[in-house]
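Read through the structure below, which is laid out as structure tokens, and then see the notes.
The values are calculated or read from the model by the stated rules, or taken from the named source; none is laboratory data. Note that this is a predicted model, so its numbers are computed, not measured. Methodologically, a virtual Cβ is constructed for each residue, glycine included, from the backbone with ideal geometry; neighbour enumeration extends over all protein chains shown. Just the protein is used for accessible areas: all its heavy atoms, side chains included, with ligands, DNA and RNA removed. Shrake-Rupley method; radii C 1.70, N 1.55, O 1.52, S 1.80 Å.
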Amino acid sequence: MTLTLFQGTLEQGLIYSLVAIGLFLSFRILDIADLTVDGGFTLGCATSAIATLAGHPFLGLGLALIAGSLAGVVTALLQTKMKVQPILAGIITMTALYSINLMIMDNRANLPLLKCETIYSWAAGFLPEDYSKIILLAVIVLLVVLAVFIFLRSGTGLAVRATGDNPDLVRSSSINPHNTITIGLCIANAIVALSGALLAQYQLFAEITTGTGMVVIGLASLIMGEAIIGRGGILRCLIGCLVGSAIYRLIIAIAITSSMQPSNLKLVSAIIVALSISWPAIKEKLEIQKLKRAAGK
Amino acid sequence: MLELKNINKTFNKGTPNAKQALHDLSIHFRPGDFVSIIGSNGAGKSTVFNAIGGSFLVDSGHIVLDGQDITFMPEYKRAVHIGRLFQDPLRGTAPNMTIEENMAMVYLRSNKARSIFGISSKERDFFRSKLQELGLGLEDRLKSKVGLLSGGQRQALTLLMATMTTPKVLLLDEHTAALDPATADKVLELTQNIVKAGNITTLMITHNISSALALGNRTVMMNNGSVILDISGDERDRMTVPELLELFKEKSHTTLDDDRILLTND
Ligand SMILES: Nc1ncnc2c1ncn2[C@@H]1O[C@H](COP(=O)(O)OP(=O)(O)OP(=O)(O)O)[C@@H](O)[C@H]1O
Ligand SMILES: [Mg+2]
């Protein structure tokens with residue numbers, strides 16, 4: 001693998017790490033499998049692309065954050081006020097977002113951003129050329145990590161964390177768990193949309209299908225990160241998201257340079273996620289087998 | 001202080017499983033009352049607590065707390081004034097958060113405007129001094145995850161958290177029943193100290209008949225969703241466990257049928 005390819009992999013790792021961080025918030029902190037992500041990622045791509053085309057790349061990031069949090073709020077309202085099952089709530093929003101994303105993209109499945117001013121071309125204006133992208137991305141991701149870290153230790157953050165851990169405690173602290181779920185999903189989806197926004201400007205196009213399978217990819221990164229870094233404190237988990245996402249992109253890069261079809265990667269991600277989430281059950285089965293065998297002797 | 005007026009509650013209304021758990025129940029608790037509540041399995045004791053705490057809305061009747069009608073107030077809002085402990089020590093704390101984070105969390109209910117940058121050293125000192133009062137050494141483990149504590153430690157912590165900002169009413173639903181006898185005694189002793197210090201109006205469901213008579217100033221007996229006996233003062237002071245059981249038989253025309261009843265004085 002060449003150095004440029006490696007650097008590109010890291011850059012993408014940084015971009016996609018935000019999806020893993022968003023899923024860390026919904027899946028690990030709130031204990032909700034939030035499928036809004038697939039639609040929310042494309043939503044970020046689309047808003048960012050449209051603003052970039054209009055000559056406002058930074059506005060694109062801002063709009064993506066706002067659009068993403070709105071998507072999160074919709075999913076949250078569905079599952080709290082309307083009592084829709086969490087998974088279904090995410091699917092409903094994701095489905096609606098497909099049409100909304102197309103609308104934003106002016107009914108085109110693909111929006112090229114060639115020759116547009118982007119945040120990366122802006123950064124290349126004053127940073128060392130070869131490293132401008134990675135520096136810019138590192139700064140953005142670092143800011144997000146810091147913001148999430150500070151948030152999760154604040155009063156509201158504690159309440160959001162307790163929501164996934166013991167909702168009874170949230171109620172008995174006189175806080176409405178509906179609100180904490182809404183806040184959590186709102187932030188998670190804002191971060192996911194930001195990831196999409198950064199990607200659209202990075203690859204210089206937005207595509208309606210970009211977000212497909214993003215939940216599983218993000219979970220795979222999250223879980224690989226946890227496997228390597230561990231599941232200690234919050235900071236550790238956030239760093240795990242970065243590491244896991246970088247490794248995921250590395251695997252993809254290797255697969256692309258080798259003969260493997262890149263399209264098979266979603267299958268690989270699916271297997272990683274299925275195996276790692278069912279690992280406790282598999283382990284239990286194996287242990288029972290072992291006990292049985294021992295008893296049979 | 002706390003008044004229940006003609007409360008009715010039927011579960012699974014309109015189905016063959018319909019079960020009227022509370023029958024036109026009325027009772028008034030005075031400020032500073034420490035009431036022990038006893039009764040057979042399924043008498044409706046926990047249901048009364050759930051009605052007061054707001055786990056569900058009652059079918060009819062009114063609940064008035066300190067002059068305010070809370071009949072339709074959502075559970076999380078009532079929690080400002082009502083502290084609750086359950087039999088299951090796992091219910092009152094978040095296992096994946098540290099002791100200090102759990103405490104900071106409930107402390108929010110009195111202190112909404114806390115610093116956004118984690119737990120301040122002032123708060124930490126306050127938590128530490130509170131934990132010291134428990135005498136369980138938890139003050140040195142502020143950063144331990146609560147999931148690592150024993151059931152008794154968790155229940156003691158829950159008690160502390162439920163009373164950190166003095167509630168108007170404290171509801172204890174067999175809160176020592178899942179603990180071993182020595183730990184149960186310890187938690188009960190802590191309960192008495194905290195209740196006394198804050199002069200908190202307390203309702204305690206128990207299966208230990210002798211401690212029901214020994215603790216507090218009033219004993220209420222329930223059967224079939226109604227209050228069948230409510231004693232305090234001299235009458236209660238003179239009451240013995242056998243007399244109380246006899247009285248139950250007389251009032252309910254059955255014997256106290258309780259699989260967890262404790263008659264011994266240990
Ligand atoms: N959520 C519910 N749904 C349906 N029935 C319920 C519900 N909660 C309580 N009940 C029924 O209401 C009756 C009263 O139950 P409750 O839990 O109040 O009894 P209890 O006095 O606390 O008994 P125990 O001493 O066993 O804890 C029981 O018949 C019970 O089956
Ligand atoms: Mg009960």
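Against the definition (open to solvent by 50 Å² or more (accessible area, probe 1.4 Å), more than 25 Å from A:ILE29 (Cα to Cα) and in contact (Cβ under 8 Å) with a residue 24 or more places away in the chain), how does A:LEU286 come out, yes or no? No.
B:GLU189 falls short on exactly one of the conditions (1) open to solvent by less than 80 Å² (accessible area, probe 1.4 Å); (2) at negative phi; (3) modelled with pLDDT of 90 or more, and that condition is (1). Cβ-Cβ distances below 9 Å connect the following pairs, each with a first residue in region A:257-275 that is within 13 Å of A:ILE217 (Cα to Cα) and of a type in the set (Lys, Arg), a second residue that is open to solvent by less than 90 Å² (accessible area, probe 1.4 Å) and at pLDDT 85 or above, and a separation of six or more residues or different chains: A:LYS266/A:THR212; A:LYS266/A:GLY213; A:LYS266/A:VAL216; A:LYS266/A:ILE217. For region A:203-210, does any single residue satisfy the condition of being under 12 Å from A:SER17 (Cβ atoms), open to solvent by 20 Å² or more (accessible area, probe 1.4 Å) and either modelled with pLDDT of 95 or more or in a helix (DSSP H, G or I) (or both)? For region A:203-210, residues under 12 Å from A:SER17 (Cβ atoms), open to solvent by 20 Å² or more (accessible area, probe 1.4 Å) and either modelled with pLDDT of 95 or more or in a helix (DSSP H, G or I) (or both): absent.
Checked against (1) at pLDDT 95 or above; (2) within 24 Å of A:TYR98 (Cα to Cα), A:GLY213 passes all but a single condition, namely (1). Would you check if there is a residue in region A:35-43 being more than 18 Å from A:LEU238 (Cα to Cα) and open to solvent by 20 Å² or more (accessible area, probe 1.4 Å)? Yes, the conditions are met somewhere in region A:35-43.
Taking A:GLU129, is it open to solvent by 60 Å² or more (accessible area, probe 1.4 Å) and under 17 Å from A:THR52 (Cα atoms)? Here the answer is no, as A:GLU129 does not meet what is asked. For region B:7-22, filtered to residues that are more than 8 Å from ligand 1 (Cβ to nearest atom), farther than 15 Å from B:ASN50 by Cβ and not hydroxyl-bearing (Ser, Thr, Tyr), the residue that is least open to solvent (accessible area, probe 1.4 Å) is B:ALA18.
For region A:244-286, name all the residues that are among the β-branched types (Val, Ile, Thr) and under 15 Å from A:MET224 (Cα atoms). Across region A:244-286, the qualifying residues are A:ILE247, A:ILE251, A:ILE252, A:VAL268, A:ILE271, A:ILE272, A:VAL273, A:ILE277. Being open to solvent by 60 Å² or more (accessible area, probe 1.4 Å) and at pLDDT 90 or above holds for only one residue in B:LYS249, B:LYS196, and it is B:LYS196. Against the definition (part of a helix (DSSP H, G or I) and within 14 Å of chain B (Cβ to nearest Cβ)), how does A:CYS237 come out, yes or no? Considered against the rule, which asks whether it is part of a helix (DSSP H, G or I) and within 14 Å of chain B (Cβ to nearest Cβ), A:CYS237 comes out as yes. Those strands (runs of 3 or more DSSP E) of region B:1-109 in which 1 or more residues are within 13 Å of chain A (Cβ to nearest Cβ) occupy B:82-85.
Among the residues of this structure, A:ARG161 does not count as one that is of a type in the set (D, E, K, R), within 11 Å of chain B (Cβ to nearest Cβ) and open to solvent by 30 Å² or more (accessible area, probe 1.4 Å).
Okay, residues lined up against (1) within 24 Å of B:TYR107 (Cβ to Cβ); (2) among the hydrophobic types (A, V, I, L, M, F, W, C); (3) at pLDDT 95 or above:
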position: A:PRO128; (1), (2), (3): no, no, no
position: A:ILE135; (1), (2), (3): no, yes, yes
position: A:ALA159; (1), (2), (3): yes, yes, no
position: A:SER172; (1), (2), (3): yes, no, no
position: A:ILE181; (1), (2), (3): yes, yes, yes
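Scanning region B:37-92 for residues that are β-branched (Val, Ile, Thr), more than 15 Å from ligand 2 (Cβ to nearest atom), crowded, with 20+ Cβ neighbours inside 10 Å and under 22 Å from B:ALA156 (Cα atoms) turns up just one, B:ILE82.
Confirm whether B:ALA212 is open to solvent by 20 Å² or more (accessible area, probe 1.4 Å) and within 16 Å of ligand 1 (Cβ to nearest atom). Considered against the rule, which asks whether it is open to solvent by 20 Å² or more (accessible area, probe 1.4 Å) and within 16 Å of ligand 1 (Cβ to nearest atom), B:ALA212 comes out as no. With respect to the stated conditions, A:VAL268 is farther than 25 Å from A:ILE66 by Cα, surrounded by 13 or more Cβ atoms within 10 Å (Cβ to Cβ) and in contact with a helix residue (DSSP H, G or I) (Cβ under 9 Å, 6 or more places away or on another chain). Scanning region B:163-186 for residues that are open to solvent by 10 Å² or more (accessible area, probe 1.4 Å) and either of a type in the set (A, V, I, L, M) or within 16 Å of ligand 2 (Cβ to nearest atom) (or both) returns B:MET164, B:ASP173, B:GLU174, B:THR176, B:ALA177, B:ALA178, B:LEU179, B:ALA182, B:ALA184. The conditions of being within 16 Å of ligand 1 (Cβ to nearest atom) and among the hydrophobic types (A, V, I, L, M, F, W, C) are met by B:LEU171.
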